[in-house]
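Take a look at the structure below.
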């Protein structure tokens, strides 16, 4: 069993070291109750709500920023993995990125592949990979916020063996459908565990509503805000076959797929 936590939190805009210190304190605290992985919100280190490309470049940090190095130290010490979002600057390009930090392993990254016209994403370049990462708790895929709205993204991760899909988000007021309906749908249709971590508070006039949750393979809520925490057996996600009582109704969401008849664009 692996114990997962979603650290639903406000963010200090354009203050990566301050946010990193908060993350480190959370990792130390949660390690004491046996947590194995902590998921932080989208753009947690940097903030997100900008209206110009100049401001987007100003808040963005490199993937080797000292704030990430600080969190890696805490990860190594506490023996707890972390997923932390940040606005990334790579030369002239900007990315909405999540860092995966595991004890004594070089930092790995996922860049958001589907971008809405909002905040930092207006100025970011979409990523071009949907990797599944081997971690101490199992196989983990990462999507960021609006990625969730594209069914193919979660399905691709599931087909590649993801047992948990971690979703750092910045859901603002008005995006309640993602928190209440789409998240559980992605869990149930792919029979994977899904953990969503939204932020709270107000940033540059934009309000975020929280409602972070951890879902099981059927889309049932295992834990929800303010600090969702659940012990899960990720190996269960390898079996896509489900027997539903009382009539032993059997479904297999992967074995019954008919990819040869699906239209490709």
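Scanning the range 229-265 for residues that are over 15 Å from residue 3 (Cα atoms) and assigned to a strand (DSSP E or B) gives 241, 242, 243, 244, 249, 250, 251, 252. When we screen 160, 155, 186 for residues that are more than 17 Å from residue 39 (Cα to Cα) and under 14 Å from the mean Cα position of the chain (by Cα), the only hit is 186. Scanning the range 68-115 for residues that are surrounded by fewer than 16 Cβ atoms within 10 Å (Cβ to Cβ), more than 21 Å from residue 50 (Cα to Cα) and free of Cβ contacts under 8 Å to residues at least 12 places away in the same chain returns 69, 106.
Quick check on my filter: what residues within the range 123-165 are out of contact with any helix residue (DSSP H, G or I) (no Cβ under 7 Å at 6 or more places or on another chain), crowded, with 23+ Cβ neighbours inside 10 Å and either assigned to a loop (DSSP other than H, G, I, E, B) or modelled with pLDDT under 95 (or both)? Within the range 123-165, 144, 162 meet the criteria. Scanning the range 166-178 for residues that are surrounded by fewer than 17 Cβ atoms within 10 Å (Cβ to Cβ) and part of a loop (DSSP other than H, G, I, E, B) gives 173, 174. Against the conditions (1) touching a residue at least 60 places away in the same chain (Cβ under 8 Å); (2) within 22 Å of residue 7 (Cβ to Cβ); (3) buried (at least 19 other Cβ atoms within 10 Å of the Cβ), residue 211 satisfies every one except (1). Taking the criterion of being over 23 Å from residue 193 (Cα atoms), out of contact with any strand residue (DSSP E or B) (no Cβ under 8 Å at 6 or more places or on another chain) and without any contact (Cβ under 8 Å) to a residue 40 or more places away in the chain, would at least one residue in the range 40-50 satisfy it? Within the range 40-50, not a single residue is over 23 Å from residue 193 (Cα atoms), out of contact with any strand residue (DSSP E or B) (no Cβ under 8 Å at 6 or more places or on another chain) and without any contact (Cβ under 8 Å) to a residue 40 or more places away in the chain. May I ask you to verify whether residue 226 is part of a loop (DSSP other than H, G, I, E, B) and out of contact with any helix residue (DSSP H, G or I) (no Cβ under 8 Å at 6 or more places or on another chain)? For residue 226, the condition - part of a loop (DSSP other than H, G, I, E, B) and out of contact with any helix residue (DSSP H, G or I) (no Cβ under 8 Å at 6 or more places or on another chain) - is met. In this structure, residue 174 does not satisfy being on the phi > 0 side of the Ramachandran plot and in contact (Cβ under 8 Å) with a residue 40 or more places away in the chain. Residues in the range 179-198 that are in a helix (DSSP H, G or I) and in contact with a helix residue (DSSP H, G or I) (Cβ under 6 Å, 6 or more places away or on another chain): 182, 186, 190.
The values are calculated or read from the model by the stated rules, or taken from the named source; none is laboratory data. Note that the structure is a prediction, hence the values are computed from the model and not measured. Positions of Cβ are generated from backbone atoms using ideal geometry, with glycine treated the same way; all protein chains shown enter the neighbour counts.
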